[in-house]
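Written below as structure tokens is the structure these notes are about.
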Amino acid sequence: MLSLYHTYYTDRDYTQRDLFALLATELGLRSALYPGSFVHISPSYVIPAVCYVDTDRKAKAFFRDIPALEAEIHQNASYTEPTAIRFYGQDYTKPIAEPEQAFDLLISQYAGIISQPCKRYLKPGKYLLSNNSHGDAGIAALDPDYTLLFALNRRDGKYGISQTPPQEYFIPKKPELNTAESILALGKGIAYTKTAPLYLFQLNG
């Protein structure tokens, strides 16, 4: 059942289970929304309720039998309550059948600009985890609805919270490019004086 997940993530040493375990412990996460997830189900091992969204045909096939998937994941989950997975095989920029302000964590990794169209599903005061591969972290940093709490670094294969003050990140090398419009036009992150693999933002409210 999980062979595709192992092929793309476990076998490539990219499960990120330690990352999600760290965040779940630090932030008390119980639910997450993962747009553009493909089959990266690592969050489900440490967060009981996770909703995945992707248009990829392999992802649609992977999530076809969710009860079996939940049962298999739960065997190695870090929590005792049932594993709850939902999947939408659609474009995440379109409305999904989930209530607004329903999730503790919004995950944005390598799937475009998620921080804006999916913001409405995040509970006020809860969290956005984003990298900057498509400039999403940079756009979140410009958005007054979000506050950067900390960056995350990876050392010796493990993620940890950076001790660098958050105000030292997202200082652009070319200030004239530091607008949401410029980042969207480029389709990728701009250059900053200091960077990290991942960033954790809080939704104000």
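Couple of notes before you dig in:
- DSSP-loop trypsin sites (Lys or Arg not before Pro) across the stretch 128-173, with at most 15 other Cβ within 10 angstrom: K173
- When the chain is treated as a GNM with alpha-carbon contacts under 10 Å, the residue of G112, G189, G125 showing the greatest mean-square fluctuation is G125.
- Projecting label points 7 angstrom from Cα along Cα→Cβ for T80 and T193 puts them 5.0 nm apart.
- Under the shape rule built on the C-alpha gyration tensor, where the axes satisfy a ≥ b ≥ c, the stretch 17-138 is oblate, since a/c reaches at least 1.5 while a/b does not exceed b/c.
- Most tightly packed first, judged by the mean number of other beta-carbon atoms within 10 Å of their residues, the peptides 26-37, 176-187 read 26-37, 176-187.
- For the chain, the share of DSSP beta bridges that are antiparallel, to the nearest 5, is 45%.
- The stretch 74-198 pair-distance distribution - Cα-Cα, 10 Å bins, rounded %: 11, 38, 34, 14, 2, 0
- Label zone of E98 (point 7 Å out along Cα→Cβ, amide N under 19 Å): in the stretch 123-144 this covers 123-131, 136-137, 140.
- Directionally averaged projected area (convex hull, Cα atoms, the stretch 1-81), nm²: 5.0
- Spacing of the modelled spin labels on Y110 and L4, each 7 Å from Cα toward Cβ, amounts to 1.5 nm.
- Spin-label pair K174/R154, simplified geometry with 7 Å Cα→Cβ offset, distance in nm: 2.7
- Each residue was assigned an accessible area with a 1.4 Å probe, and for I85 the value is about 10 Å².
The values are calculated or read from the model by the stated rules, or taken from the named source; none is laboratory data. Given the structure is predicted, the values throughout are model-derived calculations rather than measurements. No Cβ is skipped: glycine too gets one built from the backbone with ideal geometry, and neighbour counts run over all protein chains shown. SASA here: full protein model, heavy atoms, side chains in, ligands and nucleic acids out. Shrake-Rupley method; radii C 1.70, N 1.55, O 1.52, S 1.80 Å.
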